[in-house]
Amino acid sequence: MRIRVSLLAASLACVAAVATVRADWSMVGATAAIDEGDRLKVLFNNDGSAGIRSTISSTSAKLRFPVVKTQSLLVAVPRPDEVGSLVFVMRSRDNGPAARVIATLKRVTFGYYGGPERADVVATIDSDDHPQGDGWRTINGTLSGCCWIRNRVTGGAEALNFLDATYFVEVQLIKNSADGNPGVLAVGVLRGEP
């Protein structure tokens, strides 16, 4: 299987573990904006991941990652039958009840073209809904029907609408005791196989 990769920022190649990728894919997770109140809680590691500092026993912290407009996230033209559905993925670590990682893909619509100004949740991934462990694992999320569009001509693969909206991923790292070790290595929006 061929994988064509278009990087949006610095590469975190580890997320390529999702085996269903065929088309260009958009990766967010290389450059996080840490919530200002949380900047002393978060530690960036040598492997490119982010986690809660080991000196903190119980806290939560938020990181935000922009989703950049790329061709693979737009409506597939001229051959929409050759691309699959959009997939929201996260590579995270949740080592048990003392840790949790929640990634939320959000859309903010500006209302510039006369539509409503609003903010919507496009997809959510919660590490507590999956088996916990000390290692990194890739978790898929499901896009809600609220925030993507279908090719009007063919009814084919969905796409993100960047005409009047912007998208970002908010990741919340939660540590409930000293035993917790939540972490995020990467999050991404990509295309699966048709």
- Would you mind computing, in nm to one decimal, how far apart the modelled labels at Thr124 and Ser57 are, each placed 7 Å from Cα along Cα→Cβ? 2.9 nm
- Message: Quick check on region 87-135: take the gyration tensor over C-alpha atoms, sort the square-rooted eigenvalues as a ≥ b ≥ c, and tell me if it's rounded (a/c under 1.5), prolate or oblate.
- Response: prolate
- Item | Label-point separation, Gln132 to Asn45 (7 Å along Cα→Cβ), nm | 1.6 nm
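No value in this document is a laboratory result; all are computed from the given coordinates. All of these numbers come straight from a predicted model, not from anything done at the bench. Heads up, the Cβs are rebuilt from the backbone with ideal geometry, glycines too, and the neighbour counts pull from every protein chain shown.
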